[in-house]
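Q: Got a structure for you, written out below as structure tokens; questions coming shortly.
No lab work stands behind these numbers, since they all come straight from the coordinates. A quick note: this is a predicted structure, and the numbers were derived from the prediction, not measured. Glycine gets a Cβ as well: all are built from the backbone with ideal geometry, and neighbour counts include every protein chain shown.
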Amino acid sequence: MKKIFLFMMTTLDGFFEGPEHDLSWHNVDSEFVQFANEQLDESDMVLYGRRTYQLMESYWPTESGLKNDYETARRMNSLKKVVFSRTLKEVKQTNIWKNVTLKHEIDPQFINQLKAQQRKNIIVLASSNLCLSLLRFGLLDELRIMINPVVLGRGTRLLEGIERKLELDLIKMRHFGNGNVLNIYKINK
């Protein structure tokens, strides 16, 4: 069954980003890259908030992104992308960075139509505000949270601003050799 799922890295103390949007603490190795590519392979669309989109757009279609991790770059560049932003005026496509659509508002009917049209899952990548909005509308099916073995003490907390209790079922756990632990939660609606 097709799902819309969030994938986000977090610290042991619950931060998805450090001060000033720092992500240098991400614990990434070849096992993680293989896992990330598997997540992308089971999806045929990515949903982004503005900041995450701009981060991805500034890396994956570049020479550095293509050189450092060609397989992930190839997937990221070709997947369909929908960016939700009230402030962006346009998104640019190139012959490398393809299939980008900009939406200024989150419309549950539009997202449900996207889900019905896709052959595979839809992944939401590390977009906290977008995640909160999708949760508010009951549009997320799963949370895939990768806990990194690091404590930051400061930053932006995962699901900061959630307004209601969520009932979750832990449906899978995976331990990685680098100390990361993936928890996959089904959201009870």
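Q: For the range 52-82 and the range 1-31, compute the distance between their C-alpha centroids and round to whole Å.
A: 17
Q: Separate question: Answer with one residue from Asn148, Leu114, Leu40: the one whose Cα lies farthest towards the positive end of the charge dipole of the range 4-188, charges on Cβ with Lys, Arg +1 and Asp, Glu -1.
A: Going by the Cα projections, it comes out as Leu114.
Q: While we're looking at this one, here's another question. List the aspartates and glutamates whose Cα sits under 16 Å from the Cα of Lys165, skipping any in the same chain fewer than 8 residues away.
A: Within reach: Asp141, Glu142.
Q: Tally the DSSP beta bridges in the chain and give the antiparallel ones as a percent, rounded to 5. Present the calculation step by step, with values, prior to reporting the outcome.
A: Working: 16 of 40 bridges.
Given both bridge residues lie in the chain, the antiparallel proportion sits at roughly 40 percent.
Q: Then there is this: Assign unit charges at the C-beta atoms only (+1 for Lys and Arg, -1 for Asp and Glu), then state the dipole size of the range 4-188 relative to its Cα centre in Debye, rounded to the nearest 20.
A: In total the dipole reaches around 540 debye.
Q: If Rh is defined by the Kirkwood formula over all Cα pairs and Rg also comes from Cα, what ratio Rg/Rh do you get for the chain? Walk me through the numbers before you get to the answer.
A: Details: Rg = 15.9 Å, Rh = 17.1 Å.
That ratio is 0.93, to two decimals.
Q: Placing +1 at every Lys and Arg Cβ and -1 at every Asp and Glu Cβ, with all other atoms neutral, what dipole size does the range 50-107 have around its Cα centre, in debye to the nearest 20?
A: Details: 12 positive and 7 negative charges, 22 e Å.
About 100 debye.
Q: Something else: Determine the shape class of the range 1-65: with a ≥ b ≥ c the square roots of the Cα gyration tensor eigenvalues, call it rounded for a/c under 1.5, and otherwise prolate if a/b is greater than b/c, oblate otherwise. Numbers along the way, then the final one.
A: Working: a/c = 1.35, a/b = 1.20, b/c = 1.13.
Rounded.
Q: Based solely on its DSSP helices, what 222 nm [θ] is calculated for the chain when runs of n ≥ 4 H residues each add -39,500 (n - 2.57) and the sum is averaged over all residues, nearest 500 deg cm²/dmol? Spell out each step's value before the answer.
A: Values: 6 runs with 54 residues, N = 189.
Dividing the helical sum by the residues of the chain leaves -8000 deg cm²/dmol.
Q: Using the crude model of +1 on Lys and Arg Cβ and -1 on Asp and Glu Cβ, and no other charge, please compute the dipole size for the range 82-174 relative to its Cα centre, in debye to 20.
A: Details: 16 positive and 9 negative charges, 62 e Å.
The dipole magnitude comes to about 300 debye.
Q: For the range 113-189, what is the Kirkwood hydrodynamic radius in Å, using each pair of distinct C-alpha atoms? Intermediate results must be reported in sequence, preceding the final value.
A: Details: mean 1/r = 0.0703 Å⁻¹.
By the Kirkwood definition, the hydrodynamic radius is 14.2 Å.
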